[in-house]
Every structure is written in structure tokens, then in C-alpha cells.
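See below for the structure under consideration.
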Amino acid sequence: MFVDRPSTLAQIDATAASDLNTGREAAASCAALVLLLSAIGLYGIVTLSVGQRQREIGVRMALGAGAGQVVALFYRSGLALGTLGLIVGLPIGLLAAHFLPVIEVQGGESDPISPNLILVGGIVVGVVLVMTSIATLVPASRAATVDPVAALRTE
């Protein structure tokens with residue numbers, strides 16, 4: 001039979017706090033990785049859309065559409081995809097955060113993992129919309145530089 005070595009309550013609390021912080025850091029790292037991968041995926045989708053619609057872009061520009069109108073066309077579609085992701089994913093994430101256990105720390109105080117779900121949801125919406133805008137504007141800006149004559153000649 002093994003006996004644990006003695007430790008003070010302060011050491012036990014420090015170990016528990018360290019485990020909690022490690023879990024939070026792991027969750028934040030996973031969230032950042034998911035956000036990066038989704039931004040790369042959205043960038044790829046919009047780039048593919050721009051490539052497939054070169055002829056349409058050329059026709060639009062030949063008929064007088066400005067660069068801003070072409071950018072707005074692709075920006076709206078990319079923003080719609082990002083908004084759809086928020087509509088589906090945000091409630092699921094906030095619901096999961098609501099049901100995460102509350103951890104008891106020293107002195108019987110509770111340390112909720114997500115203290116203000118509205119604030120967290122607002123931050124998530126802001127970050128996702130900024131990343132969506134960046135991932136969409138880069139290929140949309142490239143679409144606005146298409147030469148109408150060259151686009152119409154290609155098949």
C-alpha cells in the first residue's frame with residue numbers, strides 16, 4: 001500500500017488551479033485552431049468561386065460594373081457563409097458552455113468557466129465576423145482586378 005506524501009492545502013489548491021488553467025489554455029488553443037482552419041476553408045471557397053466565375057466577372061465588368069460592385073458580390077456571399085456558421089455554431093457552443101461544471105475553489109467560492117455567456121457570445125461574433133471579412137476580402141479584391149477582355153477570351 002502506498003501513502004501519498006503530505007502536502008499543505010495551499011499546495012493542493014495551487015495544483016487544482018494549475019489544472020484549471022491548463023484546461024482553459026487547451027480549450028483556447030483548440031478554439032483558435034478551429035477559427036484558423038475555418039478562415040482558411042472560407043478563403044478557399046471564395047477563391048474557388050472567384051476562379052469558377054471569371055467569365056461572369058468579365059461580363060459584369062465589360063457591362064460597366066465597378067470594382068466595388070464585384071468585391072461586394074463576393075463579400076456578401078462570404079459573409080453569408082460566416083453568418084450561417086455563427087447561426088448554427090454559436091447556440092451550440094453557448095449551450096455547451098452553460099452546462100459545463102462549476103468548479104469549487106478555496107473558501108467554497110465557485111469559479112464558473114464562462115461567467116457571462118452574452119459577453120463571450122459577443123466576442124465570438126466579433127472575432128468570427130472579422131476573420132470572415134479578412135478571408136473574404138482578399139480573394140474578392142483579386143476578382144476586382146480581372147481584365148474583362150482576358151476573362152472573356154478564356155474558355
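The values are calculated or read from the model by the stated rules, or taken from the named source; none is laboratory data. Everything numeric in this text was worked out from a predicted model, so none of it was measured. Here the Cβ is made from the backbone with ideal geometry for all residues, glycine too, and neighbour counts use every protein chain on show.
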### Query
Out of all the residues in the range 1-39, which are aliphatic (A, V, I, L, M), over 30 Å from Leu94 (Cα atoms) and surrounded by 10 or more Cβ atoms within 10 Å (Cβ to Cβ)?
Ile12
### Message
Checking the conditions here, which among Leu20, Leu63 is touching a residue at least 24 places away in the same chain (Cβ under 8 Å), out of contact with any helix residue (DSSP H, G or I) (no Cβ under 6 Å at 6 or more places or on another chain) and more than 28 Å from Leu129 (Cβ to Cβ)?
### Response
Leu20
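The rows are residues; the columns are (1) part of a helix (DSSP H, G or I); (2) modelled with pLDDT of 85 or more; (3) not small (Gly, Ala, Ser).
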| site | (1), (2), (3) |
| --- | --- |
| Arg24 | yes, no, yes |
| Ile45 | yes, yes, yes |
| Gly89 | yes, yes, no |
| Ile92 | yes, yes, yes |
| Leu95 | yes, no, yes |
| Val120 | yes, no, yes |
### Summary
Out of (1) in contact (Cβ under 8 Å) with a residue 24 or more places away in the chain; (2) more than 12 Å from Pro139 (Cα to Cα); (3) among the hydrophobic types (A, V, I, L, M, F, W, C), the one Leu36 does not meet is (1)
